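A short reminder: the numbers here are calculations on the coordinates, not readings from a lab. These numbers come from a predicted model, not from an experiment. Here Cβ is always computed from backbone atoms with ideal geometry, including for glycine, and neighbour counts include all displayed protein chains.
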Amino acid sequence: QQQVKQSPQSLIVQKGGISIINCAYENTAFDYFPWYQQFPGKGPALLIAIRPDVSEKKEGRFTISFNKSAKQFSLHIMDSQPGDSATYFCAAKFEAAGNKLTFGGGTRVLVKP
Amino acid sequence: NAGVTQTPKFRVLKTGQSMTLLCAQDMNHEYMYWYRQDPGMGLRLIHYSVGEGTTAKGEVPDGYNVSRLKKQNFLLGLESAAPSQTSVYFCASTPGLAPEGEQYFGPGTRLTVT
């Protein structure tokens, strides 16, 4: 039973385009929603994160949109660049459970020049 | 400051063999985690530790054991490897309880069980 569902599994976008990755969660106890970026052969690294009392957070070209009532959140990558080609994971965690992360299945993004 | 390191980087085991994966962090973090990564399934938590001498089960603990004898080290053991344990294993650490505490990941260990 996957508590965090992520889609799509992969996407191809042209340089300069917008990449959109969606996630849905089930457990309303989650209180923190990070996104991790992983390059081939490397471990994941934190990209951006949001708390559920905020509807949007922007850092440079990366934006998280959060819809608490729908239990959904998404990552938008604006002006996508070839260097953004990576696998992206959404995740959720709650403080009372040892700060454990529950990950989505991942989205492989390929940005074509 | 090396961050989180993992040993070894690659390993091939035969079914039934045992091995230990070592994770070390030099950031004085309290919490440490072991995940496995399989295609399409994201990262799944195997075991974790909230401090020296403590361990707890994660989502997929069967077939694995862990130990945290020193704060900076977290060991993952496979007593009798099975082909289903072929995966990439990641260790992570975080300072403590704060939700905003970023988990820092190691570079991973690719394990193949034949």
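Comparison of A:82, A:44 shows that the only residue that is closer than 30 Å to residue B:7 by Cβ and not hydrophobic (A, V, I, L, M, F, W, C) is A:44.
Name the residue, out of A:66, A:103, that is buried (at least 17 other Cβ atoms within 10 Å of the Cβ), over 24 Å from residue B:45 (Cα atoms) and of a type in the set (Phe, Trp, Tyr). Being buried (at least 17 other Cβ atoms within 10 Å of the Cβ), over 24 Å from residue B:45 (Cα atoms) and of a type in the set (Phe, Trp, Tyr) holds for just one of A:66, A:103, which is A:66. For the range B:76-97, the count of residues that are surrounded by 14 or more Cβ atoms within 10 Å (Cβ to Cβ), more than 10 Å from chain A (Cβ to nearest Cβ) and assigned to a loop (DSSP other than H, G, I, E, B) is nonzero.
When you scan the range A:21-30, do you find a residue that is under 17 Å from residue A:5 (Cα atoms), acidic (Asp, Glu), touching a helix residue (DSSP H, G or I) at 6+ places or on another chain (Cβ under 9 Å) and touching a residue at least 12 places away in the same chain (Cβ under 8 Å), even just one? Within the range A:21-30 (the criterion being under 17 Å from residue A:5 (Cα atoms), acidic (Asp, Glu), touching a helix residue (DSSP H, G or I) at 6+ places or on another chain (Cβ under 9 Å) and touching a residue at least 12 places away in the same chain (Cβ under 8 Å)), the answer is no, since none of the residues qualifies.
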